[in-house]
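Okay, structure first, notes after.
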Amino acid sequence: MTRSTPQGSDIAVDGGPRCPATGALAGDAPPPEPDGPTGLPLAWPVVGSTILYAADPPGFAVRAQQAHGSVVKLPMIPHNPTVQVTDPAAVRQILQGNADNYCRGAYYEAFRLFMGHGLLTLDDADWREHRKVVNPAFTPNAIAARSTETDAALADLTDRWAEHARTGRPFDLYTESMKLTCRVIGHALVGRDLSRDGGEFAGALGIALEAIFKEVGSLDKLAPAFVPTPYRRRVRRARRTLERVIAQAAWDADQGSGGEVAALIRASDLPEDAFWSDLVTLMLAGVETTALALAWTLYETARHPEVRDRLEEEADRVCGVRPPTAKDLDALPYTGRAVDEALRMHPPVWQFPRQTIADDVLAGRRIPAGTPVLISVYAAHRNPEQWADPDAFDPDRFTPKASAERDRSAYVPFGGGRRQCIGKRMGLGLLHQAVATVHGRFHLTLVGGAPRNGAFITLFPKRGIRVTVKERRR
Ligand code: HEM
């Protein structure tokens with residue numbers, strides 16, 4: 001008699017005790033550990049992997065998958081080995097089926113540098129309390145109640161772009177997208193337009209995300225703590241900027257004004273430090289990710305005229321000359337698919353970590369207790385077993401039929417299971433409306449070559465994405 005393991009291979013059911021983690025019989029040979037770079041002295045794979053990784057982290061993730069499969073052991077400094085996972089069934093097992101066996105782990109500890117003990121860094125019951133407190137600000141009704149601010153922010157964006165169209169001067173999509181999300185998400189979190197300080201807040205977010213990434217194993221940490229390297233000075237400045245924003249938010253909340261999320265945390269029984277931890281976490285997790293998704297989407301639609309024509313036709317048919325609102329989004333499915341496809345090719349959170357508590361088996365590979373695991377969203381979204389011609393931009397991969405035929409865990413731009421992104425609905429709604437607004441009114445033309453990937457916690461265009469715009473109807 002046989003039964004299927006979560007990994008799909010059949011094992012005998014009768015006879016002898018089983019390992020509670022892997023389901024294997026006591027006498028069975030253990031499954032092999034993941035494959036990885038081998039055949040060289042240990043020092044070289046460790047140092048070599050780290051150097052190659054640092055040069056192009058997402059590209060390294062794809063090459064590791066191509067060379068060694070979808071559960072691969074990476075010799076990384078300082079968490080050696082780290083297992084990279086891109087197999088959909090294994091991703092599901094980590095995020096859902098066996099989620100109790102995965103904690104935040106060593107990589108997420110680095111996030112505490114800015115995020116303290118909050119929504120992203122806590123485990124289990126502690127995390128649940130934090131999520132329960134802020135959840136009411138992320139329901140469909142709460143998001144709809146803030147739609148006036150989104151409409152106003154998009155109207156201001158189109159006014160600025162109309163001026164760019166008039167002058168013909170190129171501008172950067174990343175900077176413009178950050179202005180939009182600093183305003184809209186700033187309003188939801190702290191009741192203020194966080195784009196109105198000449199880019200200081202936006203810059204602080206970028207530096208904080210870089211510092212968290214480098215906290216794991218960067219050479220910047222080798223200088224003695226008292227040496228004020230330029231990098232350390234930038235990080236200190238970023239912290240001071242965030243401290244100023246959070247202090248203002250606390251003041252506003254105590255006056256009964258300010259943002260919905262700040263008010264929820266202030267009124268809760270969470271520990272005092274949650275005000276900093278959860279607000280900074282939401283800022284770092286929500287503002288730049290959504291801006292990047294918008295910039296990458298417009299980059300792809302600008303360089304695919306056949307996609308752009310369909311977006312324009314859809315916006316014109318549904319909205320005519322008026323700007324789209326949140327109520328139009330269900331009638332703009334192609335626009336939604338273009339966003340989905342951009343999130344596949346350029347996932348702003350391009351990887352995220354966990355750590356095994358007890359041994360597990362992922363795609364037939366034994367993962368010992370205490371192993372750090374990285375779900376590489378970027379490589380999973382380019383896994384040729386799931387995605388035909390993965391480097392091609394094709395929104396029709398996300399028709400309802402095509403999506404239903406695919407393993408849902410092959411596509412995880414917002415993670416999955418109980419720790420799925422709390423801002424998914426809010427972020428997607430804003431993106432959808434912004435892309436429809438832009439294509440309803442403007443033609444975009446890219447200036448210069450393809451942007452190069454930069455990757456810390458997020459995947460960003462290294463020197464921005466420069467475009468010119470023309471008004472479509474004038
Ligand atoms: C396109 C935009 C976004 C992307 C791609 C994105 C991606 C992700 C991913 C992949 C995770 C899961 C991390 C993990 O499981 O370890 C996550 C979690 C999270 N995201 Fe987002 N996110 C986006 C927008 C937002 C927004 C708008 C907010 C809030 C304003 C937000 C707040 C959070 C928080 C607080 C978590 C942790 C949730 C928890 O563990 O309970 N994100 N996000």
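With point charges of +1 on the Cβ of Lys and Arg and -1 on the Cβ of Asp and Glu, referenced to the Cα centre of the range 382-474, which listed residue (416, 386, 460) lies farthest in the positive direction of the dipole?
Result: 460.
In whole Å and largest first, what semi-axes does the C-alpha gyration tensor of the range 399-474 yield when each eigenvalue is scaled by 5 and square-rooted?
That gives 29, 20, 14 Å for the three semi-axes.
Using the Cα atoms as the points, what is the convex hull volume per residue of the range 31-471 in Å³?
Per residue, the Cα convex hull of the range 31-471 comes to 148 Å³.
Compute the helix-to-body angle for 105-115: its Cα long axis versus the longest principal axis of the chain, expressed 0 to 90° and rounded to tens.
Taking Cα atoms only, the helix is inclined about 30 degrees.
About the Cα centre of the chain, how large is the charge dipole given +1 on each Lys and Arg Cβ and -1 on each Asp and Glu Cβ? Please answer in debye to the nearest 20.
Its charge dipole is roughly 1120 debye.
Using alpha carbons only, how many degrees (0 to 90, rounded to 10) separate the axis of helix 333-345 from the longest principal axis of the chain?
Around 50 degrees separate the two axes.
Which residues among the range 323-360 fall inside the zone where the amide N is under 18 Å from a point 7 Å beyond the Cα of residue 131, along Cα→Cβ?
It comes to 352-357, nothing else.
Please give the length that would be gained between residue 200 and residue 167 if that part of the chain were fully extended, namely 0.36 nm times their separation in residues minus their C-alpha to C-alpha distance (nm, one decimal).
Extending this stretch completely gives an extra 9.3 nm.
Starting from 0.36 nm per residue, how many nanometres of slack lie between residue 392 and residue 369 once their C-alpha separation is accounted for?
4.5 nm
So what is the calculated 222 nm ellipticity per residue for the chain, using -39500 (n - 2.57) for each DSSP H run with n of 4 or more, over all residues, to the nearest 500 deg cm²/dmol?
It lands at -15500 deg cm²/dmol.
Ranked highest first by average number of other Cβ atoms within 10 Å, how do 278-288, 91-101 line up?
278-288, 91-101
Obtain the nm distance between the two label points defined at residue 402 and residue 52 by a simple spin-label model: each point lies 7 Å from its Cα along the Cα-to-C-beta direction.
Placing both labels 7 Å along Cα→Cβ, they lie 3.1 nm apart.
Quick check: the angle from helix 124-134's long axis to the longest principal axis of the chain, C-alpha only, nearest 10 degrees?
Its long axis makes an angle of about 10 degrees.
Coordinate-derived values only; no laboratory data. Computed from a predicted model, the values in this text were never measured in an experiment. For neighbour counting, all protein chains shown are included, and Cβ atoms are generated from backbone atoms with ideal geometry for every residue, glycine included.
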